Amino acid sequence: MFQKYGYTHLSAGDLLRDERKRPGSQYGELIENYIKEGEIVPVEITISLLKRAMDQTMAANSQKNKFLIDGFPRNEDNLQGWNKTMDGKADVSFVLFFDCDNEICIGRCLERGKSSGRSDDNRESLEKRIHTYLQSTKPIIDLYERMGKVRKVDASKSVDEVFEKVVQIFDKEG
């Protein structure tokens, strides 16, 4: 869907999970421990993976210079690292924020966990992730909100309703 608008989707979580599984990865075990504990992986690792993916995408096609970065930044350290590394190289046009009740999120993730094979799709890890979100990520969302960059989607609605709202946002934002 995002390709229609010229965006390449990069998931910070997927990049981390892929790196964790990559044979010979110097970060694999470290990433696994952070993810299992519901904690945020050190910014240097996440940014290096994001930057590598962005550079590879643009090297393959210089027209592909718009990215939808999913799941980043997650805390103040991530934000500072992003600003330091990407200053003058990338601008944040807007933040797409999927707002959803904690219990609905937990239920959906537990359902996903039946087939995902993800080590963090269990109630204990999810509750830790929500705590981390409230403590570390919500203040970043609030910061972008004060900058007028947050586009909020009520993610407790049906998949079709959420999708329609996202399409409306991308139609407006480009």
Exercise for the section: Would you grab the residues whose amide H sits under 5 Å from the one on Asp70? Only those 5+ places off in sequence or on another chain, please, with H modelled 1.01 Å from N. Expected result: Leu10, Ser11, Ala12
Handout entry: FRET efficiency estimate (nearest 0.05) - Cβ-Cβ, Ser156 to Lys128, R0 25 angstrom
Key = 0.70
Completion exercise
Under 17 Å by backbone N from the virtual spin label 7 Å along Cα-to-Cβ at Glu44, the residues of segment 66-104 are 77-86
Practice task
Leaving ligands, DNA and RNA out of it, work out the accessible area of Ser158 with a 1.4 Å probe and give it in Å² to the nearest 10.
Solution key: 50
Handout entry: Peptide ranges 85-91, 133-139, 38-44 listed from the most packed, as the mean C-beta count within 10 angstrom indicates
Key = 38-44, 133-139, 85-91
Practice task
May I ask for the distance between the Cα centers of segment 19-74 and segment 95-174, given as a whole number of Å?
Solution key: 19
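Arrange the peptides 53-59, 168-174 so that the one whose residues have, on average, the most other Cβ atoms within 10 Å appears first. Could the numbers behind the result be given before it?
On the way: 53-59: 13.7, 168-174: 12.0.
Packing proxy ranking, top to bottom: 53-59, 168-174.
Using alpha-carbon pairs under 8 Å, 6+ residues apart, how would you state the relative contact order of segment 1-92 in percent? Mind showing how you got there, number by number?
Working: 79 pairs, mean separation 34.3, N = 92.
Computed over segment 1-92, the figure is 37 percent.
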Exercise for the section: Hey, can you grab everything whose amide H is under 5 Å from the amide H of Val95? Only 5+ residues off in sequence or another chain; H modelled, so Pro and N-termini drop out. Expected result: Val150, Arg151
Handout entry: the chain: relative contact order in percent, alpha carbon pairs under 8 Å with at least 6 residues between
Key = 26
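Dipole of segment 1-92, Cα-centred, from +1 at each Lys and Arg C-beta and -1 at each Asp and Glu C-beta, to the nearest 20 debye?
Numbers: 13 positive and 14 negative charges, 92 e Å.
Computed charge dipole of segment 1-92: roughly 440 debye.
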Handout entry: Set of lysines with alpha-carbon distance to Lys64 below 29 Å, sequence-local pairs under 8 removed
Key = Lys4, Lys21, Lys51, Lys84, Lys89, Lys149, Lys152, Lys165, Lys172
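At a 1.4 Å probe, what is the % contribution of carbon and sulfur to the accessible area of segment 1-92?
On the way: 2500 of 5460 Å².
That share works out to 46 percent.
Find the relative contact order for segment 98-165 and round it to a whole percent, using C-alpha pairs within less than 8 Å whose residues are 6+ positions apart.
Values: 34 pairs, mean separation 29.9, N = 68.
Result for segment 98-165 is 44 percent.
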Fill in the blank from the handout: The simple spin-label model distance between Asn102 and Arg146, using points 7 Å out along Cα→Cβ, in nm, is 2.4
Practice task
Would you list the P(r) distribution for segment 98-165, with all Cα-Cα distances sorted into 10 Å bins from 0 and each bin expressed as a whole %?
Solution key: 18, 41, 36, 5
Completion exercise
Read-out Kirkwood radius over Cα pairs in Å, candidates [x] 17.3; [y] 16.5; [z] 23.8; calculated match is [x]
Problem - Normalised alpha carbon radius of gyration of segment 1-92 [divisor 2.2 N^0.38 Å] - result: 1.10
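The values are calculated or read from the model by the stated rules, or taken from the named source; none is laboratory data. Just so it is clear, the structure is predicted and the values come from calculations on it, not from any experiment. All Cβ positions, glycine included, derive from the backbone under ideal geometry; neighbour counts span all protein chains shown. In case anyone asks, the SASA skips ligands and DNA or RNA and just uses the protein heavy atoms, side chains included. Shrake-Rupley method; radii C 1.70, N 1.55, O 1.52, S 1.80 Å.
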